[in-house]
Amino acid sequence: MLKLVEKLGGDFLYLLETTGRMGIFFASAIANIFKPPVSLYAIVRQIYFFGARSLVVILIVGLFTGMVLGLQGYHNLKQFGSEDVLGSAVALSLIQELGPVLTALMVIGRAGSAICAEIGIMRHSEQIDALECMAINPVKYLVAPKFVAALVSMPALTFIFNIIGIFGGYLAGVVLLDVAEGAYFQGMYKSVEWVDIRLCLVKSIIFGLLIVWITTFKGYFLHLNRTGVFGAEGVSRITTDAVVFSSVSILVWDYLIGSIILS
Amino acid sequence: MKKLNLEMIVGMFLLAGFISFSWLAVKMGDINPFAEETYPVTARFTSISGLKEGSAIELAGVIVGKVSNIELDTGDYEAVVHLDIDKRVELQDDTIASIRTAGIIGDKFIKLTPGGSEIILGAGDEIEETEPAISLEELVSKYIFDTK
């Protein structure tokens, strides 16, 4: 009985400690972005890894998401004889929901897991301690460029996803299923407002922050991992953790941001 | 040709992102830095139910402006609607502004019917002749209950 209470209390304290550590880590990463000297080349390399290398997967996922939306939207709207609103249905669901969320999930799978494993292995092989010994601030050297890269790349990827998705909907709806081209685009221009685009922008920026925050945090504090498993197995565990945790927080925050901005 | 290096790929990627964003913002968000100039006029309606800021203003079916602001005149309980009209469109002072609905359940918009007067409205003038919003529910209930 006492064991149970002890375990419960220990879990709670651990949770509290982790939350606090996450907060401090976030604050120090943000502060380190602005601390000179800013290494632009490191940032460019991270944008290349985080954004440009994710482009192909985003293009494919975006195209097919748009095509599925066009196809299913067409068959549902046809029942009401209102195929003309297909364009706005595709554009609104892409811009408000699917663009930011699917981009974030793909980026977690492609770049987030890699970031987590990279930093985790650096921690495990004591490279981070070595940086500290050389008086190089590891947060500034390793983490801050990744934050900047995520902040810049995520909105870019999300908007590319939106455009490709709209084009995919055009392919499925207009080219294959014969919706009028003018109706597709005019409906879209009319129904999409600046509010929707702003929502998409805010979502993508926050998702980018969440992804890079959670994945770098998990990797950076590999050695404080409570499971007591380090080394290769530990890295694989924290990477899984980071992917699951960041995917779940993306979906939770998606709802929260939507309810704050749309209300 | 010089081989593509990392900076160029990143540059192209960011450029693509920026172009996508600006296309969406300009085409769909109506944020257009090169927008044509407009001039403001006002119109008073007894009811504007359903009209929103940003609603379209049509003349002969062509969109010539949008509603910039709606306020309530607390003196005589009328709605004062501020319209932004395209500079190239000249309105006579006996133009009629009426609130219509696109389709049965579509958006409300303001329909302008040009008049025959010689006097042209300038910035800040008021359109005197207005027709309020027609409420479908009221029409239906009038039709149902006025059969005595």
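No lab work stands behind these numbers, since they all come straight from the coordinates. Bear in mind that the values here come from a model prediction, so they are computed numbers and not experimental data. Cβ: placed from backbone, ideal geometry, glycine included. Neighbour counts: every protein chain shown.
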#### Entry: Helix B:6-27 axis, angle to chain B major axis (alpha carbon atoms, nearest 10°)
10 degrees
#### Entry: the range B:38-134 - convex hull of the alpha-carbon atoms, volume per residue in Å³
90 Å³
### Query
Counting partner chain Cβ atoms within 10 Å of every residue's Cβ in A:43-53, what's the average?
4
### Task
Compute log10 of I(q)/I(0) for chain A with the Debye formula, placing one identical point scatterer on every Cα and leaving out solvent, at q = 0.10 Å⁻¹, to two decimals.
-0.59
### Query
Within 10 Å of each Cβ of A:153-160, how many other protein chain Cβ atoms are there on average?
5
### Query
By how many degrees, 0 to 90 and rounded to 10, does the Cα axis of helix A:194-220 deviate from the longest principal axis of chain A?
30 degrees
## Note on the structure
With Cα coordinates, the longest principal axis of chain B makes an angle with the long axis of helix B:136-145, in degrees rounded to 10, of 30 degrees
### Query
Got the relative contact order for chain B handy, in percent, Cα pairs under 8 Å and 6 or more residues apart?
24 percent
## Note on the structure
For chain A the mean separation of alpha carbon contacts under 8 Å (6+ apart) over residue count, i.e. relative contact order in percent, is 32 percent
### Task
Give me the distance between the Cα centres of the range A:221-256 and the range A:73-117, rounded to whole Å.
26 Å
### Cβ-based exposure ranking for A:E233, A:E97, in which fewest neighbours within 10 Å come first
A:E233, A:E97
